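No lab work stands behind these numbers, since they all come straight from the coordinates. These figures come from a predicted structure and were not determined experimentally. With ideal geometry, Cβ positions are generated from the backbone for all residues, glycine too; neighbour counts draw on all protein chains shown.
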Amino acid sequence: MQTFLDHIAVVTPDLARGVRFVEQTLGVSMQAGGQHPRMGTHNQLLRLGDDVYLEVIAADPTAAAPQRPRWFELDQLPADALPRLGTWVVRTDDIVAARAACSWDTGPVETMTRGALSWRITIPEDGGLPANGAAPTLIQWDTQPHPASMLDDVGCTLQALEVFHHVPDRLRSALDRLSLSGNVQVRPLPVGQSPYLLAHIRTPHGLQTLPANLTGTSNQA
């Protein structure tokens, strides 16, 4: 079994606000995504390679409320929360085996759609983020080609994802069990600080870092 870094997710209470955050940070325009009917959410996207992308995701105010908590802790975001790089997702061709190999609570496997796309993804029943976003969500795409390949190439490439966690060796060991492929670097963090992510992205304007939040002054995730 092998897994691959599939995408990174910016969570925000308002989609337009999250898109501005990414576009101002990276200096490029994002693309329209779509709606997730089962979750009452919508997104916009940015290609970061042939099979990796960034999404900004938020609750969709025009959609009916879902019958369960929304994914990515979106129901827990205050209305004035800053957009932040909240979590990451790894791809597998056997989500059942990958889930069994995980040492964290991934939540059950759910079937999702967005337009013509369909996939299976792990979602904790409370809508939470595994290990506060430090551990990845699992996904298995059931349609081809990969959605990143259908996005416009605006000259952005994900160079590395840094995951800051107070027990880095334990997280590294857990990721090793998934045979993760992709430049993911686990960094130590003092006990008591919340895990957070940094994405280093090559853009037409040089190497940019997508911080945990708008100001970059707080690493709370």
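For segment 134-163, list residues with backbone N below 17 Å from a point placed 7 Å from the Cα of Gln193 toward its Cβ?
In segment 134-163, the label zone of Gln193 (backbone N under 17 Å from the point 7 Å along Cα→Cβ) covers 134-135, 162-163.
Could you work out [θ]222 nm for the chain from helices alone, using -39500 (n - 2.57) per DSSP H run of at least four and dividing by all its residues? Round to the nearest 500 deg cm²/dmol.
Calculated at 222 nm, the ellipticity per residue is -4000 deg cm²/dmol.
On full extension of the chain, what length is gained from Asp126 through Val167, given 0.36 nm per residue of separation minus the C-alpha to C-alpha distance?
Gain on stretching Asp126 to Val167: 12.4 nm.
Test of understanding: extend the Cα→C-beta vector of Met1 to 7 Å, then name every residue of segment 71-103 with backbone N under 12 Å from that spot.
Correct set: 92-103.
Order these by the 10 Å Cβ neighbour count, fewest first: Trp104, Trp141.
The order, fewest Cβ neighbours first, is Trp104, Trp141.
Above 31 Å lies some portion of the pair distances; for the chain, what is it as a whole percent of all C-alpha pairs?
Here the tail beyond 31 Å accounts for 12 percent of pairs.
Taking the Cβ of each residue in His200, His42, His165 as the centre, tally the other Cβ atoms inside 10 Å and list the residues starting with the fewest.
Sorted ascending by nearby Cβ count, the order is His200, His42, His165.
So for the chain, taking the charge dipole from beta-carbon charges (+1 Lys/Arg, -1 Asp/Glu), which of Thr41, Ser29, Gln76 sits furthest toward the positive end?
Of Thr41, Ser29, Gln76, it is Gln76.
How high is the relative contact order of the chain? Use alpha-carbon pairs under 8 Å, at least six apart in sequence, and give a whole percent.
24
Once you have the Cα-Cα distance between Asp152 and Asp75, take 0.36 nm times their residue separation minus that, and quote the gain in nm to one decimal.
That works out to 24.7 nm of additional length.
Within 10 Å of each residue's Cβ, count the other Cβ atoms and sort Cys156, Cys102 from fewest upward.
Cys102, Cys156
Gain in length, Ala97 to Ala65, computed as 0.36 nm per residue apart minus the alpha-carbon separation, to one decimal in nm?
My answer for the length gained is 8.4 nm.
Quick check on the chain: of the DSSP beta bridges with both residues there, what percent are antiparallel, nearest 5%?
In the chain, DSSP labels about 75 percent of beta bridges as antiparallel.
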